[in-house]
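What follows is a short report on a single structure.
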Amino acid sequence: MIAITLEHPVQEDLALLHQRHTAAMHADTPPESIHMLPASALAAPGIWFYVLRDSGAALGMGALKRIDATHAEIKSMHVLSEARGRGLAQAMLAHLLAEGQRLGFARLSLETGAQDSFAPARALYLAAGFAPCPPFEGYRPDPMSVFLTRNL
């Protein structure tokens, strides 16, 4: 049974998710172009962290980070590689969109990689109605980054 719930990002059973996310971000991205947050930073005020579980096992995660009263950023979206192909990333993204709307945000934005390894992520976001945008909230132009946004 799939469930997506608001949880604390620092939990023992989430270590594998955070490790895999970190490894994926460092696989082909130079350190200066990596914008992920460590698990402890995801516990900050203004961040909502969600875990996707199947029968209790943590298979995916995603977060919303407040930029201002009407705008939030999607952070740390990741599904374990062995759980991919089941629509779990789509389920997490749909949940984040619904939560963003429920929390009163009018727009969600994100930064993802420009490399081929990020093509599935970019396709997911574009299929969900995200469109390219300029860098936002502290980001700078970077050939390794793609910036996307969507109104809710």
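A few remarks follow.
- In terms of other Cβ atoms within 10 Å, Tyr139, Tyr50, Tyr125 run from fewest to most in the order Tyr139, Tyr50, Tyr125.
- When the charge dipole of the range 2-151 is built from unit charges on Cβ atoms (+1 for Lys and Arg, -1 for Asp and Glu) and taken about the Cα centre, the candidate among Pro9, Pro120, Leu103 whose Cα reaches farthest toward its positive end is Leu103.
- Packing-based exposure ordering (other Cβ within 10 Å, fewest first) of Ser145, Ser55, Ser76: Ser55, Ser145, Ser76
- The value of relative contact order for the range 2-151, using C-alpha pairs under 8 Å at least six residues apart, is 20 percent.
- Rounded is the label for the chain, because the ratio a/c of its alpha-carbon gyration tensor axes (a ≥ b ≥ c) stays below 1.5.
Values in this text are rule-based calculations from the coordinates and carry no lab data. Everything quoted here is computed from the prediction, not taken from an experiment. For neighbour counting, all protein chains shown are included, and Cβ atoms are generated from backbone atoms with ideal geometry for every residue, glycine included.
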